[in-house]
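The values are calculated or read from the model by the stated rules, or taken from the named source; none is laboratory data. Bear in mind the structure is a predicted one, so any value in this text is a computation, not a measurement. Please note: Cβ atoms are built from the backbone with ideal geometry, for glycine as well, and neighbour counts cover all protein chains shown.
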Amino acid sequence: MQPQSMDLTKTIMHIDADAFFASVEQGFNPLLRHKPVIVGGTAEQRGVVHTASYQARARGIRTGMALMRAKTLCPEAVFLKGDYEHYRAVSQTFQQVYLQYTPQVEFTSLDDAYLDLSGAMHLYPSAQWVAKAIVDEVYHRTGVDLSIGIGSSKVIARIASGLNKPRGMVEVPPDTEQSFLNPLPADILPGIGRMAKERLTDLHIFTVGDLARLPRLVMEQLFGRNGVKIWEYARGIDHRQVKRKIIPRQISRETSFEEDTADMGIIRGTLQYLTERIGKKLREQDMVGQVVGIKIRYSDFKRHEGTRRLPNPSNDSGELFRMADTLFEQLRLRRVRIRHVGVSVMHIEPKNYQRSLFDSRGRQGALNSAVDDIRRRFGFMALLPAESLELKRKYRMEPHGYILHNPALTR
Amino acid sequence: MRFEDIFESIEVISHFKDGTMKPLRFRWNSRVYKIQQLNGHWVSHQGYTHQHHYSVISDSSDYFELLFDSSNFDWQIARVCLDG
């Protein structure tokens with residue numbers, strides 16, 4: 001069966017670094033190679049596993065597992081705090097390599113990218129040749145293994161890249177998409193999480209093929225608009241383009257405290273610091289956010305979350321923080337120490353049009369530009385809001401930021 | 001095996017060629033370490049300042065991460081690996 005309206009001339013490649021953070025550590029330190037490596041914090045710290053090397057995964061370590069549990073499962077593992085700056089530098093090397101083959105590259109995260117080779121295939125013997133050249137050069141320069149999927153759409157390429165990890169390369173030739181997808185488990189499709197999988201299992205739908213045979217209407221009734229998208233993916237239909245610039249759905253920053261705290265100076269300072277980082281990121285990419293959210297986790301692991309819409313979309317750190325602070329005051333109703341806080345900005349859009357005739361935020365915009373210029377020149381910590389200086393009592397200051405309890409998140 | 005952050009200034013002998021820099025020996029705690037193997041190099045940016053990180057193995061088979069700060073030409077030991 002030929003899926004309808006699929007562009008078979010496209011050659012899309014999805015590249016994913018295998019166990020990225022752990023691979024970087026192993027790539028740059030031969031003493032760590034072939035050892036179980038866990039990035040997220042030291043074994044004595046509280047916190048969770050960010051990335052585990054394949055040797056650690058073989059021992060049952062999974063992302064999101066508590067570090068102490070990981071230590072119990074694999075006492076000989078090497079625990080590392082992680083170094084975001086290092087991972088970012090390695091990711092930039094990936095970018096340099098990918099851009100040698102096509103300008104159509106969409107970087108979805110530090111270790112994950114789509115390449116659209118459709119317009120460049122006349123330059124190379126085959127897509128597999130390009131994939132091999134990329135894998136070899138990245139390994140030579142960074143020691144990190146990549147897994148690559150090649151297909152006629154983003155969804156096919158993405159699924160293919162995950163099938164044969166680590167250092168896997170799977171190409172799905174045109175016209176074979178449906179036969180490739182049919183035997184795979186249904187939850188391999190993007191958009192199917194644990195809950196959706198359970199609902200499908202109740203209906204005796206186990207494979208992508210089972211799902212593709214359902215009438216479209218059934219999926220729409222089960223999962224709404226998302227169901228239609230999943231149904232299309234199950235038939236290999238994916239019209240998404242490889243975009244050179246993507247607008248994230250949300251930007252969030254969060255951290256756990258080294259020890260549970262009721263110190264409002266530290267908590268507020270952390271919230272302000274995290275918000276400041278989000279504001280900087282938004283301004284760098286010329287974007288604004290409409291909704292601010294915060295997350296609090298107490299020492300008894302109870303969680304409170306809240307969101308609120310700003311009067312106008314903004315990328316001004318001060319405005320974002322005032323909203324985060326208001327939300328925090330509303331949410332913090334318990335007299336219990338706090339373990340973890342997070343701030344997020346959602347409903348992000350490009351900052352490309354004037355919302356109001358009498359926009360009085362020109363001065364603030366000019367101030368933000370000046371602050372960003374100073375930070376570009378002297379580092380992020382050259383200028384800080386006063387409340388975030390409270391964190392000096394707890395954390396080491398580097399020119400690029402505080403080294404928080406969970407350094408992998410020090411962005 | 002565990003890693004410890006040090007961030008102490010050190011003296012380094014480096015080799016400069018074709019626009020690249022390669023540390024050869026360094027003195028730390030009154031002891032001279034010869035660099036046996038350069039595992040990798042990466043650059044982080046702190047504003048306009050570039051910090052060059054070198055992952056090295058010394059002649060004593062110890063792992064070090066050395067840091068060169070381009071703003072003040074200062075070398076530091078950033079991290080060491082402690083066995084055990």
query = Can you tell me which residues in region A:104-125 are part of a loop (DSSP other than H, G, I, E, B), closer than 23 Å to A:Val172 by Cα and under 22 Å from the mean Cα position of the chain (by Cα)?
reply = A:Gln104, A:Asp111
query = Since B:Phe16 meets every condition but one in (1) under 17 Å from A:Leu32 (Cβ atoms); (2) more than 9 Å from chain A (Cβ to nearest Cβ); (3) at pLDDT 90 or above, which condition does it not meet?
reply = (1)
task = Please work out if B:Ile6 is out of contact with any Pro (no Cβ under 9 Å at 6 or more places or on another chain), closer than 29 Å to A:Pro36 by Cα, among the hydrophobic types (A, V, I, L, M, F, W, C) and in a strand (DSSP E or B).
result = yes
ask   = Exactly one of (1) more than 18 Å from the chain's Cα centre (by Cα); (2) surrounded by fewer than 15 Cβ atoms within 10 Å (Cβ to Cβ); (3) in a loop (DSSP other than H, G, I, E, B); (4) charged (D, E, K, R) is unmet by A:Glu305. Its number?
value = (3)
ask   = Within region A:3-19, can one find any residue that is within 14 Å of chain B (Cβ to nearest Cβ) and either over 30 Å from A:Trp129 (Cβ atoms) or without any contact (Cβ under 8 Å) to a residue 40 or more places away in the chain (or both)?
value = no
ask   = How many residues are in a helix (DSSP H, G or I) and either buried (at least 19 other Cβ atoms within 10 Å of the Cβ) or hydroxyl-bearing (Ser, Thr, Tyr) (or both) if we restrict to region A:192-219?
value = 6
query = Restricting to region A:364-400, what's the tally of residues that are under 15 Å from B:Thr49 (Cα atoms) and at pLDDT 75 or above?
reply = 10
inquiry  = Anything in region A:308-324 that is surrounded by fewer than 18 Cβ atoms within 10 Å (Cβ to Cβ) and either in contact (Cβ under 8 Å) with a residue 24 or more places away in the chain or touching a strand residue (DSSP E or B) at 6+ places or on another chain (Cβ under 8 Å) (or both)? List them, or say none.
reply    = A:Arg308, A:Arg309, A:Asn312, A:Gly318
task = From A:Gly162, A:Gly151, A:Gly209, A:Gly191, grab the single residue that is touching a Lys or Arg at 6+ places or on another chain (Cβ under 7 Å) and not hydrophobic (A, V, I, L, M, F, W, C).
result = A:Gly191
inquiry  = It is to be established whether one or more residues within region A:223-230 are closer than 29 Å to A:Thr307 by Cβ, surrounded by fewer than 14 Cβ atoms within 10 Å (Cβ to Cβ) and small (Gly, Ala, Ser).
reply    = yes
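For region A:126-146, give me each residue that is part of a loop (DSSP other than H, G, I, E, B) and within 14 Å of chain B (Cβ to nearest Cβ).
First pass over region A:126-146, keeping only residues part of a loop (DSSP other than H, G, I, E, B): A:126, A:143-145.
Hits for region A:126-146 are A:Gly143, A:Val144.
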message = It is to be established whether one or more residues within region A:9-24 are closer than 30 Å to A:Asp175 by Cβ and surrounded by fewer than 18 Cβ atoms within 10 Å (Cβ to Cβ).
response = yes
task = Filter region B:19-46 down to residues that are among the hydroxyl-bearing types (Ser, Thr, Tyr) and within 19 Å of B:Leu82 (Cα to Cα) and give me whichever is farthest from the other protein chains (Cβ to nearest Cβ).
result = B:Ser30
ask   = Within region A:26-40, is even one residue away from chain B (no Cβ under 12 Å) and outside any strand (DSSP E or B)?
value = yes
request  = Find the residue count for region A:154-191, including only residues that are part of a loop (DSSP other than H, G, I, E, B), in contact with a strand residue (DSSP E or B) (Cβ under 9 Å, 6 or more places away or on another chain) and either free of Cβ contacts under 8 Å to residues at least 60 places away in the same chain or among the hydrophobic types (A, V, I, L, M, F, W, C) (or both).
outcome  = 8
query = What number goes with the only condition from (1) more than 9 Å from every other protein chain (Cβ to nearest Cβ); (2) of a type outside the set (A, V, I, L, M); (3) part of a helix (DSSP H, G or I) that A:Glu85 does not pass?
reply = (1)
inquiry  = If I filter region A:52-60 for residues that are away from chain B (no Cβ under 12 Å), in a strand (DSSP E or B) and in contact with a strand residue (DSSP E or B) (Cβ under 9 Å, 6 or more places away or on another chain), do I get at least one hit?
reply    = yes
request  = Taking the residues in region B:10-48 that are among the polar types (S, T, N, Q) and loosely packed, with under 12 Cβ neighbours inside 10 Å as candidates, determine which candidate is nearest to B:Phe64 (Cα to Cα).
outcome  = B:Asn29
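Does region B:47-60 contain any residue that is in contact (Cβ under 8 Å) with a residue 24 or more places away in the chain, over 11 Å from the mean Cα position of the chain (by Cα) and at the interface with another protein chain (Cβ under 10 Å from one of its Cβ atoms)?
Within region B:47-60, none of the residues are in contact (Cβ under 8 Å) with a residue 24 or more places away in the chain, over 11 Å from the mean Cα position of the chain (by Cα) and at the interface with another protein chain (Cβ under 10 Å from one of its Cβ atoms).
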request  = Give me the pairs, please: first residue somewhere in region A:97-110 and within 15 Å of A:Glu137 (Cα to Cα), second residue anywhere and surrounded by fewer than 19 Cβ atoms within 10 Å (Cβ to Cβ), beta-carbon distance under 7 Å, and either six or more positions apart or on two chains.
outcome  = A:Val97/A:Glu137; A:Tyr101/A:Ala120
task = Check region A:128-135 and report whether any residue there is assigned by TED's automatic domain parsing to the domain that holds A:Phe21, over 12 Å from A:Ala17 (Cβ atoms) and surrounded by 20 or more Cβ atoms within 10 Å (Cβ to Cβ).
result = yes
ask   = Any idea which residue in region A:41-51 is farthest from the chain's Cα centre (by Cα), counting only those that are at negative phi and either surrounded by 23 or more Cβ atoms within 10 Å (Cβ to Cβ) or assigned to a loop (DSSP other than H, G, I, E, B) (or both)?
value = A:Glu44
